[in-house]
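The values are calculated or read from the model by the stated rules, or taken from the named source; none is laboratory data. Worth saying up front: this structure is predicted, and the values here are computed from it rather than measured. To get the accessible areas, we keep the full protein, side chains included, count just its heavy atoms, and leave off ligands, DNA and RNA. Shrake-Rupley method; radii C 1.70, N 1.55, O 1.52, S 1.80 Å.
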Amino acid sequence: MITLPPTESGMGESGMVDSERLARVAADPRYRALVRQRGRFTWTLTAIMLAAYLAFILLIAFDKSALARPIGAGVTSIGIPIGLGVILLAIGLTGLYVRRANRDYDAMVEALAAEPEA
């Protein structure tokens, strides 16, 4: 779905963005490249998160004793920091996506939206 900021020339009577403007942006090769680039990046992050989560769940399912081993002489098991690591990985990947979206993708969308009507 394409979402563009409204402009005076792109607004219809109902306040909606003209379909011509949306079609122009959707047909732009730079927009298509942006969608491809963003999709590739998000699928990569998704694969990393799914692999980490699946590995953690499989470890729980098939080798509970490995996660139950205590760390040092304490009562905390090795499963606690591994589980925390999975959570921190999700937070880190989200931050990575937000940083890249703010730095790269938003600028590309604004450049496309700011172009005068053809």
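What to note about this one:
- Taking every C-alpha pair closer than 8 Å and separated by at least 6 residues, the mean separation divided by the residue count of segment 26-87 gives a relative contact order of 21 percent.
- Computed 3J(HN,Hα) for segment 43-51, one whole-Hz value per residue from the Karplus formula 6.51 cos²θ - 1.76 cosθ + 1.60 where θ = phi - 60°, is 5, 5, 4, 4, 5, 4, 5, 5, 5, glycine and proline marked x.
- Under the criterion of Cα pairs below 8 Å and six or more residues apart, the relative contact order for segment 46-118 equals 23 percent.
- For segment 22-118, the solvent-accessible area with a 1.4 angstrom probe is 68 square angstrom per residue.
- Whole-Hz Karplus values for segment 73-80 come out as 9, x, 9, 6, 8, 5, x, 5 Hz, taken residue by residue from phi with 6.51 cos²θ - 1.76 cosθ + 1.60 and θ = phi - 60°; glycine and proline positions read x.
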